[in-house]
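Everything on this sheet refers to the single structure shown next.
The values are calculated or read from the model by the stated rules, or taken from the named source; none is laboratory data. In this text the structure is predicted, and so the values were computed from the model without any measurement. Virtual Cβ from ideal backbone geometry, glycine too; neighbours counted across all protein chains shown.
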Amino acid sequence: MPTLIPKTPVQQRVLANFQQQNFLGLIGAELTLVEPGRVVIEMPFDPKLTQQHQALHAGVTSTIADTAAGYAALTTMPEGADVMTIEFKVNLMAPGRGVRFKADARAVRTGRTVTVVEARVSALQESGIWVETASFLGTMICLMPK
């Protein structure tokens, strides 16, 4: 899926923030969908990002889930706000093996200060089937400028 071409102010805001995160570029992450309350991040498989069993490292899996979830929360926040993770839990349900990975995140409950988010990470198999590899549940805080 191609990198997002922003058409709305919220897409522009998320993309501008995304481009400031150098680590995401290092792992090849791409922002592919931004809608109110939902963000998708994708990345290609890279053997440099695996652990000893040649599966995608849990830290990378957690990174794309957390980032997508944070941006899903940000889409629900007022202009000028920024977002920060205050806690999360990741369940690794299958080894991260595939040719491409996708974190699909949604804001579950938005409040004035705190937003609860969830994400699912899937791996695209050579057969064309997406296999869910991780589940993420987190809490994000809205940071307003002082």
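Residues that are surrounded by 20 or more Cβ atoms within 10 Å (Cβ to Cβ), part of a helix (DSSP H, G or I) and either at pLDDT below 95 or aromatic (F, W, Y) (or both) occur in the stretch 65-74; there is at least one. Contact map, the stretch 54-72: first residue among the acidic types (D, E), second residue surrounded by fewer than 22 Cβ atoms within 10 Å (Cβ to Cβ) and assigned to a helix (DSSP H, G or I), Cβ cut-off under 7 Å, separation 6 or more or different chains; the map is empty. Among the residues of the stretch 92-146, those identified as surrounded by fewer than 15 Cβ atoms within 10 Å (Cβ to Cβ) and either of a type outside the set (A, V, I, L, M) or in contact with a helix residue (DSSP H, G or I) (Cβ under 8 Å, 6 or more places away or on another chain) (or both) are R109, G111, R112, T113, Q125, E126, S127, G128, E132, P145, K146. Confirm whether P47 is more than 17 Å from A119 (Cβ to Cβ) and either without any contact (Cβ under 8 Å) to a residue 12 or more places away in the chain or surrounded by 22 or more Cβ atoms within 10 Å (Cβ to Cβ) (or both). When the stated conditions are applied, P47 passes them. The residue that is farthest from E42 (Cα to Cα), counting only those in the stretch 88-106 that are out of contact with any Leu (no Cβ under 9 Å at 6 or more places or on another chain) and part of a strand (DSSP E or B), is L92.
A quick yes/no check of all residues on (1) among the polar types (S, T, N, Q); (2) touching a Phe, Trp or Tyr at 6+ places or on another chain (Cβ under 8 Å); (3) assigned to a loop (DSSP other than H, G, I, E, B):
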{"residue": "T76", "(1), (2), (3)": "yes, no, yes"}
{"residue": "E79", "(1), (2), (3)": "no, no, yes"}
{"residue": "R112", "(1), (2), (3)": "no, no, yes"}
{"residue": "S122", "(1), (2), (3)": "yes, yes, no"}
{"residue": "G138", "(1), (2), (3)": "no, yes, no"}
{"residue": "I141", "(1), (2), (3)": "no, no, no"}
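When Q12 is tested against the conditions (1) within 15 Å of F136 (Cα to Cα); (2) at pLDDT below 95, the lone failure is (1).
Filter the stretch 1-29 down to residues that are crowded, with 18+ Cβ neighbours inside 10 Å and either among the aromatic types (F, W, Y) or not in a helix (DSSP H, G or I) (or both), then give me how many there are. Going through the stretch 1-29 one residue at a time, the tally reaches 4. The residues in the stretch 93-114 that are farther than 17 Å from E30 by Cα, over 15 Å from the mean Cα position of the chain (by Cα) and free of Cβ contacts under 8 Å to residues at least 60 places away in the same chain can be counted, and the count is 10. Number of residues in the stretch 41-56 that are farther than 21 Å from A81 by Cβ and either among the acidic types (D, E) or part of a strand (DSSP E or B) (or both): the value is 6. Assessment of the stretch 48-58 against the conditions (at pLDDT 95 or above, among the basic types (K, R) and out of contact with any strand residue (DSSP E or B) (no Cβ under 8 Å at 6 or more places or on another chain)) yields at least one matching residue.
Within the stretch 75-91, the set of residues being within 16 Å of L15 (Cβ to Cβ) and surrounded by fewer than 13 Cβ atoms within 10 Å (Cβ to Cβ) comprises just one member, E79.
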